[in-house]
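To keep things clear, I will list the structure first and then write my remarks on it.
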């Protein structure tokens, strides 16, 4: 009873203070801003860990069922190994469009001591390709197709290729985005053929009806569509980052045939040496910062934070800072 009384008194005091503060705010006129020195502004911003000069993009998802669909997809990733043991395969599929094939006008300069590899700025355009990729979540194997267009027919071709190349399973769970090419009538007909079902085209006249039919859990091939603005939930996006950094970023191809041959060789090497399941830790729940900002700033001041901007001891030992002025030889 004493605890309940104390809680009631605290609530009453909190409401009283809130009402008094609101009344005081309404009665007071806005005060003019006083001049403030640069050091004072810097100290206030540093203590609050605010960086007004920095700005990043932010995209909000307006999907009403974002949390539910995100958790469902994340549970597929977290249970991919157990589902694979039961004969259900999780496949992440997406497209990387607009890959520009370029040939540099002059040869690239090789790396040297303290110098990175230097590519020529001017180039000759050789064409463009569209990459369709499917990532086998429990094994890390990747199946790709390169084409000139990006439509439903290309997606169906890639779908059949992925089913033929990936390990055989009793049920396939495909994680895709909401692109129209993933839910056309041609895709529904192909899924019905692969699943041994009869397709009723009269009931699938709208995109929402087709996506609902493709998401039926009783089918052999079940589609799981990511929520709107939730393409980052697709694991194959991480593989697109790998292929961009390892292959496409070093773009200097003699011809289109040379690019296709090099891409095929790189993909075979990846599946043999580098393919592995990604460690997915996000469970679809809201992200909460574990360490408060004030504690992070305090640790950084004392030099105990791992992400301190100050170079580590081994970096200062083996890579001393270069002088600002180079010595001029006589």
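Assorted remarks:
- Screening the stretch 131-140 for residues that are assigned to a strand (DSSP E or B) and touching a helix residue (DSSP H, G or I) at 6+ places or on another chain (Cβ under 7 Å) and picking the one that is farthest from residue 171 (Cα to Cα) gives 132.
- Out of 213, 174, 239, sole residue that is in a strand (DSSP E or B), on the phi < 0 side of the Ramachandran plot and surrounded by 19 or more Cβ atoms within 10 Å (Cβ to Cβ): 174
- The stretch 177-199 - residue that is in a helix (DSSP H, G or I) and touching a strand residue (DSSP E or B) at 6+ places or on another chain (Cβ under 6 Å) and, of those, surrounded by the most Cβ atoms within 10 Å (Cβ to Cβ): 191
- Some residue of the stretch 165-177 being out of contact with any helix residue (DSSP H, G or I) (no Cβ under 9 Å at 6 or more places or on another chain) and touching a residue at least 40 places away in the same chain (Cβ under 8 Å): yes
- Screening residue 156 against (1) farther than 24 Å from residue 274 by Cβ; (2) in a strand (DSSP E or B) leaves a single unmet condition, (2).
- Only one of 229, 219, 276 that is outside any helix (DSSP H, G or I) and on the phi > 0 side of the Ramachandran plot: 229
- Helices (runs of 4 or more DSSP H) contained entirely in the stretch 34-126, each with at least 1 residues that are modelled with pLDDT of 85 or more and either under 29 Å from residue 144 (Cα atoms) or in contact with a strand residue (DSSP E or B) (Cβ under 7 Å, 6 or more places away or on another chain) (or both): 66-78, 80-85
- Within the stretch 216-235, the only residue that satisfies the criterion of being in contact with a strand residue (DSSP E or B) (Cβ under 6 Å, 6 or more places away or on another chain) and surrounded by fewer than 17 Cβ atoms within 10 Å (Cβ to Cβ) is 220.
The values are calculated or read from the model by the stated rules, or taken from the named source; none is laboratory data. Computed from a prediction, not measured in an experiment: that's the story for all the values here. Methodologically, a virtual Cβ is constructed for each residue, glycine included, from the backbone with ideal geometry; neighbour enumeration extends over all protein chains shown.
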